[in-house]
1. If packing is taken as the mean number of other Cβ atoms within 10 Å per residue, what is the order of 168-181, 36-49, highest first?
2. On the accessible surface of the chain, probed at 1.4 Å, how many percent belong to carbon and sulfur atoms?
3. Just the accessible area per residue of the chain, please: how many Å² with a 1.4 Å probe?
4. When you count, for each residue, the other Cβ atoms within 10 Å and take the mean per peptide, how do 60-71, 80-91 rank with the highest first?
5. Mean separation of Cα pairs under 8 Å and 6+ residues apart, divided by the residue count of the chain: what relative contact order is that in percent?
6. Going by the alpha-carbon gyration tensor, a ≥ b ≥ c the square roots of its eigenvalues, is the chain rounded (a/c under 1.5) or, if a/c is not under 1.5, prolate (a/b greater than b/c) versus oblate?
7. How much of the pair distance distribution for segment 108-190 lies past 19 Å, counting alpha-carbon pairs only, in percent?
8. Quick one: if you stick a label point 7 Å off each Cα along the C-beta vector at Gln46 and Ser138, how many nm between them?
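The values are calculated or read from the model by the stated rules, or taken from the named source; none is laboratory data. Only a predicted model underlies this, so the values are computations on that prediction, with no experimental measurement involved. Here the Cβ is made from the backbone with ideal geometry for all residues, glycine too, and neighbour counts use every protein chain on show. Areas reflect the complete protein model, heavy atoms only, side chains present, ligands, DNA and RNA absent. Shrake-Rupley method; radii C 1.70, N 1.55, O 1.52, S 1.80 Å.
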Amino acid sequence: MKTKKCKQCGTEFVPLRSTAIACSYPCAKAWVDARNEKLKAQKAKQEAKIDRQLTKERKEKLKTRNDYIKETQVAFNAFIRERDKDKPCICCGKPLGESQVGGGFDAGHYRSVGSSPHLRFNEDNCHGQRKYCNNWRSGNAVDYRLGLIARIGIERVEALESDNDPKKWGIEELKAIKQYYNQQLKLLRK
């Protein structure tokens, strides 16, 4: 018979059978033990992956509509910040600070989300705004309107101001909006 190379220690040997893979019983046992450990580790890894997937699905089922609104708002605000990062503040015209604590600037809404929730994902209603203008000056509505007219025009501003149609998004619609703004954000970052 031809010689074979031992799968465990690598030495050449003359096998007694054509199916032999090791030169001796200790090498064969060590090879089988190592293979079993490898298979056990692969199985544990697969089980952990399945467990993570099941946990993710369970968490997804527990989410409320408000949870989806919050996630969508985060994606929308990230898009607005990226879109407006090189523009001045919509209110005061000062540069938007990127390196400041908390991101430097907000995605500020002209008509607030509290008073006009149906406009929360309207791109004309939301622009880059310094934190000072948004938080400490309560949105700085008068200057915001002037900056908005300069940026998008009086017709679109008046359309925003007259839009009072209530809107209630479904969960699937919110998922689609979130996915859309995540894709738009990726395109802007390229």
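1. On the way: 168-181: 14.7, 36-49: 10.0.
Ranking, from highest mean packing down: 168-181, 36-49.
2. Values: 6950 of 12950 Å².
Solvent-exposed carbon and sulfur of the chain make up 54 percent of the total.
3. On the way: 12950 Å² over 190 residues.
Accessible surface, normalised per residue, equals 68 Å².
4. On the way: 60-71: 12.2, 80-91: 19.4.
Packing proxy ranking, top to bottom: 80-91, 60-71.
5. It rounds to 19 percent for the chain.
6. Values: a/c = 4.72, a/b = 3.18, b/c = 1.48.
Because a/c hits 1.5 or more and a/b exceeds b/c, the chain counts as prolate.
7. 47
8. 6.3
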